[in-house]
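Asker: Have a look at this one.
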Amino acid sequence: MRLEVNNISFQYSSEKTIFRDLSFSYETPGILCILGSNGTGKSTLLKCLLRQNHVQQGSILIDGKNVEKYRPRELARKVAYLPQSHVPSFAFPVIDVVMMGRTSRIGYFASPGKEDRAIAMDKLEYLHIGHLAEKPYTALSGGERQMVMIASALAQEPELIILDEPTSHLDFGNQFRFVKLVEQLHRLGIGVLMTTHFPDHALYLDCDTIILHNSGIIASGNAHDVITDANMSEIYRIDTRVVRIEGREICVPL
């Protein structure tokens, strides 16, 4: 799947421009990280890609077709989306929450069948959380909910998963496990496009990276080329050094 973003601009009002003239391209099964401080429009950009927000200028193409021309089910078969947080309303069993990811694959008035349940269970087992299948979703921790939503996205069988701050509710150990999961998805042929506040994740993944700042893209390229002392100090407004420890680069605030 190919994503092309051509000179897009978005504003909530005439006084509040979020970004202007953004352009980049992406192809699955690549990994793309989007970095930027709070308020730079990372989440807004993702919603534009998913047509939840409508750009005032430019175009967004998926496989050469304007995203505005996609029907919701058609788009859902290509792209799965995980927002920053998901607040449960009902105590559905986890397996039912994951099966909701099958919605775009079954008929409008059909119910999930045995095959859909098997696929959902397979995704839970793949993420090593099969033991949660019958547990109420409302009884899970924030980190467990995040993993369940990833399982639901996998059950959707998309070409691309878009993740908004996917590690925000994960502890240190689960953050590392998540980054390893992104590598696994890449090997399975599933693309990952994610926003993050942790440049170390992009460095570890050695992936394409875009840095948003001051309503635009100030750098794009491989993580090791664009995550520099100067760029990190500028976007996060603290003195930062990129240092090498045990053969790996990490960002260190001074």
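Asker: Which one, GLY101, GLY191, GLY113, has the greatest fluctuation when you compute a Gaussian network model over the chain with C-alpha springs under 10 angstrom?
Answerer: GLY113
Asker: Pop a pseudo-label 7 angstrom from the Cα along the beta-carbon direction at both MET100 and THR17 and give the gap in nm to one decimal.
Answerer: 3.8
Asker: How many Lys pairs in the chain lie less than 25 angstrom apart by Cα atoms, where the lysines are 8 or more positions apart or on different chains?
Answerer: So the count works out to 18.
Asker: Kindly identify the stretch 1-144 as rounded, prolate or oblate by the Cα gyration tensor criterion: order the square roots of the eigenvalues as a ≥ b ≥ c, call it rounded if a/c is under 1.5, otherwise compare a/b with b/c, prolate if a/b is larger, else oblate. The partial results should precede the final answer.
Answerer: Working: a/c = 2.25, a/b = 1.72, b/c = 1.31.
Prolate, because a/c is 1.5 or more and a/b exceeds b/c.
Asker: How would the chain be classified by its alpha-carbon gyration tensor: rounded, prolate or oblate, with rounded meaning a/c under 1.5 and the a/b versus b/c comparison settling the rest?
Answerer: Working: a/c = 1.91, a/b = 1.31, b/c = 1.46.
It comes out oblate by the Cα gyration axes.
Asker: Ordering GLU249, GLU27, GLU165 by accessible area with a probe of 1.4 Å, largest first, what comes out?
Answerer: Sorted by accessible area, descending: GLU27, GLU249, GLU165.
Asker: Give me the number: length gained by fully extending ALA91 to ASN7, i.e. 0.36 nm times residue separation minus the C-alpha to C-alpha distance, one decimal in nm. Present the calculation step by step, with values, prior to reporting the outcome.
Answerer: Details: separation 84, 0.36 × 84 = 30.24 nm, distance 4.31 nm.
Additional length available on full extension: 25.9 nm.
Asker: Could you work out the local net charge near ALA76, counting Lys and Arg as +1, Asp and Glu as -1, over the other residues with Cβ closer than 14 Å to its Cβ? If you can, show how the numbers build up before the last one.
Answerer: On the way: positive: ARG51, ARG71, ARG73, ARG77, LYS78, ARG102, ARG105; negative: GLU74, GLU157, GLU159.
Cβ neighbours under 14 Å give a net charge of +4.
Asker: Quick one: what does P(r) look like for the stretch 17-68 with 5 Å bins over all Cα pairs, in whole %?
Answerer: Spelled out bin by bin, the stretch 17-68 gives 4, 16, 28, 29, 16, 5, 1 percent.
Asker: Can you tell which of LEU188, LEU124, LEU212 shows the greatest fluctuation in a Gaussian network model of the chain with Cα springs below 10 Å?
Answerer: Among LEU188, LEU124, LEU212, the largest mean-square fluctuation in the Gaussian network model of the chain belongs to LEU188.
Asker: Can you compute the label reach from ASP63? Point 7 Å from Cα along the Cβ direction, backbone N cut-off under 17 Å, restricted to the stretch 170-189.
Answerer: Backbone N within reach: 189.
Asker: Here's another thing I want to ask about it. Stretched out fully, how many nm does the piece from VAL243 to ARG77 gain, at 0.36 nm a residue minus the Cα gap? Could you put the intermediate results ahead of the total?
Answerer: On the way: separation 166, 0.36 × 166 = 59.76 nm, distance 4.09 nm.
So the extension gain works out to 55.7 nm.
The values are calculated or read from the model by the stated rules, or taken from the named source; none is laboratory data. Just so it is clear, the structure is predicted and the values come from calculations on it, not from any experiment. No Cβ is skipped: glycine too gets one built from the backbone with ideal geometry, and neighbour counts run over all protein chains shown. Protein only, heavy atoms only, side chains kept; ligands, DNA and RNA dropped before computing areas. Shrake-Rupley method; radii C 1.70, N 1.55, O 1.52, S 1.80 Å.
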